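Peer 1: This structure is in structure tokens; I'll ask about it shortly.
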Amino acid sequence: MATKKTRASAESVEIIEGPVVRFAHQSEEDFARILDFYGIAWKYEPRTFPLKWDGERIAEAFTPDFYLPDIDTYIELTTLRQPLMTEKHRKIRTLRELYPDVEIKLLNKRDYLRLLAKYGFGPPTPKSIEGIHRVLVSQAQLRRRVSELGAQISKDYAGSPGEGLVLVGVLKGVACFMADLMRRISLPVAIDFMAISSYDSTEAGNVRILKDLDESIEGRDVLIVEDIVDTGMTLNHLLAYLKAREPSSLKVCTLLDKRARRLVDVPLDYVGFEIPDEFVIGYGLDFRQLYRNLDFIATLKPEWMEASAAQQGKQSPK
Ligand code: IMP
């Protein structure tokens, strides 16, 4: 896990903090994602074992790729071809002789592919999804920024005289952002969701509420949580609608701001990222209801979107 890892046992939960990891190979990153997906704690290249000395100087050393603290085992991942494998086997043999207490396992390409097959190839990555053009915001950037927003919101609302903070999300695009943001706010918060009809040329200027709030927001501090503000039409309508319910305060937090496309000037109190005028998907945002499950934000290849739209008719944005 690149930024934060939770290891749960019957009695305690231990949080292991760590820096963002730069992997040497894609296969290592894929392996780390599988471990993350299944909540297995890991460290990347945490220890180098000297294998040969020339006087005081270390003449040869070996750094296994991963350490899995829960089973006290090092893992060396290798997708190398046979001649290089022989060299690696030799090093691992030496390591075992010199450090008999150290448990190390070598995963060769076949073992690795079997593992991938067994665990369903892990979560989607930019390379594993057809049609991805380029990643605009990576998983690490999202995590970092959402944490910063959560910290800022916690600070701003601490000691607020209102009757408590309510986060109001607009379905479905906000699902990922809401889930992550609320867990980064260190105050007691309530959440509520609304659903709004997508833009439809037959109903121009007519935004319909498909699902209203479950609870009253009168006298509460309300923070609208949006996935993306594009033209600003949806948010403008929502602000007017919620203001009429007399909250104690009403602010907006959006993950993405596509400012270049703005038609209505809407106030944004918290913005995750300003992005260029491109159609984006992932982390809740969809194209034809797909791609919401990606853990990053990306653009699609234009030819892919055209082909897909031609096949299935019109896109619904929400
Ligand atoms: P508006 O134009 O600001 O009213 O944006 C309304 C909604 O359109 C957003 O909440 C999104 O659900 C959707 N939307 C706008 N731009 C994009 C995009 O680039 N990708 C996916 N959905 C988008």
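Laboratory data are not the source of any read-out in this text; all were calculated from the coordinates shown. As the structure is a prediction and not an experimental result, all values here were calculated from the model.
Peer 1: Determine one quarter of the surface area of the Cα convex hull of the stretch 256-301, which equals its mean projected area, and express it in nm² to one decimal.
Peer 2: 3.9
Peer 1: Give me the log10 of I(q) over I(0) for the stretch 173-302 at q = 0.12, 0.17 Å⁻¹, as the Debye formula computes it from C-alpha points; what are the numbers?
Peer 2: Cα-only, vacuum Debye calculation for the stretch 173-302: -0.48, -1.01.
Peer 1: Shifting gears a bit: Report the Rg/Rh value for the stretch 222-280, based on alpha-carbon coordinates and the Kirkwood definition of Rh.
Peer 2: So for the stretch 222-280, dividing Rg by the Kirkwood Rh gives 0.98.
Peer 1: Right, something else. For the stretch 234-297 and the stretch 24-92, what is the separation of their C-alpha centers, rounded to whole Å?
Peer 2: Cα centroid of the stretch 234-297 versus Cα centroid of the stretch 24-92: 43 Å apart.
Peer 1: Please give every one of the aspartates and glutamates within straight-line cross-link reach of K52, meaning a C-alpha to C-alpha distance under 17 Å, and leave out same-chain neighbours fewer than 8 residues apart.
Peer 2: Candidates past the 8-residue exclusion: E60, E87, E97.
Peer 1: Here's a follow-up. In a solvent-free Debye calculation with one equal scatterer on each Cα, what is log10 I(q)/I(0) for the stretch 21-78 at q = 0.12, 0.30 Å⁻¹, listed in the order of the q values?
Peer 2: Scattering profile of the stretch 21-78, log10 relative to I(0): -0.34, -1.26.
Peer 1: For the pairs K109/K301; K43/K109; K155/K258; K43/K127; K251/K301; K172/K243, flag any whose C-alpha to C-alpha distance is greater than 28 Å.
Peer 2: Going by Cα-Cα distance, K109/K301; K251/K301 fall outside the 28 Å limit.
Peer 1: Taking the stretch 145-187 as the region of interest, what is the percent of Cα-Cα pairs per 10 angstrom bin, listed from the shortest bin to the one with the maximum distance?
Peer 2: 28, 52, 19, 0
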